[in-house]
């Protein structure tokens with residue numbers, strides 16, 4: 001019997017597998033697709049944006065360089081002594097933000113980092129990096145296996161695949177927006193129905209000059225002619241009327257593009273095409289007994305703003321260490337339940353963020369009025385900063401019951417005087433206690449959690465005014481004390497998140 005069976009070998013399932021493998025759990029990943037590579041997951045249709053927070057996650061697990069290489073990124077900025085301004089910020093409803101309006105130094109608790117900005121990548125690259133890392137960690141991946149049933153009791157859960165059964169202590173569904181695990185385990189899935197059908201295609205355009213480059217809102221919808229010959233996206237506000245169980249024909253795609261663009265453009269051929277909608281749904285909980293969900297299996301929404309991959313990686317990062325501690329038997333009571341408590345509000349926010357963009361792009365007078373208002377707002381420094389914080393992931397803060405503003409946030413890249421960075425200390429997947437005091441005040445207290453928390457002491461290059469911080473394995477600050485902190489406060493936080501100390 002395995003510790004954990006993961007259904008789905010996309011980025012979310014593979015990242016979770018790496019987290020669990022890093023914690024020495026026995027992990028089996030089941031994937032219904034036979035091959036690792038797919039044209040739809042490579043460029044250009046597989047193009048995705050990783051936020052700065054997601055890139056930092058790869059850095060903290062020692063996979064940043066592999067990710068950059070696989071993504072074809074060769075000019076990623078090095079860390080400097082000052083946070084660098086972003087070279088690209090992103091967009092809201094197709095309205096591109098001006099990087100010059102972002103004052104990085106004004107962002108809360110921002111420090112220079114080797115992973116200071118987002119990366120354009122593609123699904124094939126991300127999955128290749130994660131598959132190789134999972135193999136190094138002893139994770140077993142079986143492809144061409146379709147799960148047809150899930151049964152569970154108080155002690156284990158079984159994935160049924162026809163001729164075979166795979167038993168585990170826990171099962172996690174990372175099998176996408178049409179999740180089989182979600183359906184079989186009986187999760188409630190609620191939300192809003194679509195306003196549009198979207199199409200992404202790689203096509204031969206007979207008269208490309210008829211389509212303007214870039215993102216365009218029109219009286220019938222939206223179209224985007226991206227860099228690269230024939231890479232086109234189009235959204236038609238038809239309330240999701242297209243039957244997505246069918247592949248769109250060349251004739252259908254041409255007709256939609258003509259209606260939305262208001263041109264008589266001709267598609268000579270369509271080489272690849274995919275469809276999507278803005279249907280926005282979320283499960284009411286991320287756990288049913290011994291079955292959990294992560295990524296698109298737990299929440300679906302339109303791809304506007306590129307939040308799907310990032311929120312899925314955030315799910316996996318949050319769940320991995322908690323599930324591993326539960327398997328080991330040293331998790332404090334209720335730790336696994338904090339997965340839903342912390343991540344469900346993030347998923348709900350992403351759904352509303354994409355709904356707001358859909359409302360902004362509506363091709364009627366109401367939508368046009370909202371567009372004008374939003375365009376004015378994001379043209380200001382405060383408006384750009386607000387959207388940038390949302391897109392970069394730097395605004396995420398879990399409610400951990402503390403009034404200390406750093407607690408619940410992703411830890412900044414704290415750095416000791418000897419050059420050691422927080423990211424260097426997190427590669428093992430353990431918690432980290434950084435003690436900046438001259439008397440190594442946490443030394444004795446931290447010994448009780450030595451297997452679960454890595455203790456490091458020394459003067460900081462920039463301690464942001466803190467005497468010590470406790471960082472969870474997912475990079476979230478669990479506790480922060482000023483220069484006059486007492487050890488009991490640290491011990492309470494360590495016990496709350498990492499269980500009882502060893503005797």
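The values are calculated or read from the model by the stated rules, or taken from the named source; none is laboratory data. Please read these numbers as outputs of a predicted model, since none were measured by experiment. With ideal geometry, Cβ positions are generated from the backbone for all residues, glycine too; neighbour counts draw on all protein chains shown.
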I'd like the full set of residues that are under 18 Å from the mean Cα position of the chain (by Cα) and over 12 Å from residue 191 (Cβ atoms), limited to the range 342-360. 342, 343, 344, 345, 346, 349, 353
When the range 158-193 is checked residue by residue, the ones that are closer than 17 Å to residue 143 by Cβ and in a loop (DSSP other than H, G, I, E, B) are 161, 162, 163, 164, 174, 175, 176
Would you pick out the residues in the range 96-105 that are crowded, with 19+ Cβ neighbours inside 10 Å, in contact (Cβ under 8 Å) with a residue 40 or more places away in the chain and either within 22 Å of the chain's Cα centre (by Cα) or assigned by the TED database to the domain that holds residue 49 (or both)? 97
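Go through the residues of the range 207-218 one by one and say whether even a single one is within 28 Å of residue 178 (Cα to Cα) and buried (at least 18 other Cβ atoms within 10 Å of the Cβ).
Of the residues in the range 207-218, the ones within 28 Å of residue 178 (Cα to Cα) are none.
No, the range 207-218 contains no residue that is within 28 Å of residue 178 (Cα to Cα) and buried (at least 18 other Cβ atoms within 10 Å of the Cβ).
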What are the residues in the range 10-36 that are closer than 29 Å to residue 116 by Cα and over 11 Å from the mean Cα position of the chain (by Cα), if any? 10, 13, 14, 16, 17, 18, 19, 20, 21, 22, 23
Residue 111: under 18 Å from residue 423 (Cβ atoms) and modelled with pLDDT under 95, yes or no? yes
Looking at 311, 260, which is the one that is buried (at least 19 other Cβ atoms within 10 Å of the Cβ) and over 20 Å from the mean Cα position of the chain (by Cα)? 260
Any idea which residue in the range 384-416 is nearest to residue 117 (Cα to Cα), counting only those that are free of Cβ contacts under 8 Å to residues at least 60 places away in the same chain and assigned to a helix (DSSP H, G or I)? 390
Among the residues in the range 227-246, are any outside the structural domain of residue 204 (by the TED database), touching a strand residue (DSSP E or B) at 6+ places or on another chain (Cβ under 9 Å) and assigned to a strand (DSSP E or B)? no
Which one of 3, 24 is modelled with pLDDT of 95 or more, more than 25 Å from residue 247 (Cβ to Cβ) and either out of contact with any helix residue (DSSP H, G or I) (no Cβ under 9 Å at 6 or more places or on another chain) or not in a strand (DSSP E or B) (or both)? 24
Given (1) crowded, with 18+ Cβ neighbours inside 10 Å; (2) touching a residue at least 60 places away in the same chain (Cβ under 8 Å); (3) part of a helix (DSSP H, G or I), number of the condition residue 116 does not satisfy: (3)
Among the candidates 122, 91, residue that is more than 15 Å from the chain's Cα centre (by Cα) and buried (at least 16 other Cβ atoms within 10 Å of the Cβ): 91
Can you name the residue in the range 289-308 that is assigned to a strand (DSSP E or B) and in contact (Cβ under 8 Å) with a residue 60 or more places away in the chain and is also surrounded by the most Cβ atoms within 10 Å (Cβ to Cβ) among such residues? 293
Find the residue count for the range 114-135, including only residues that are in contact with a helix residue (DSSP H, G or I) (Cβ under 8 Å, 6 or more places away or on another chain) and farther than 30 Å from residue 87 by Cβ. 1
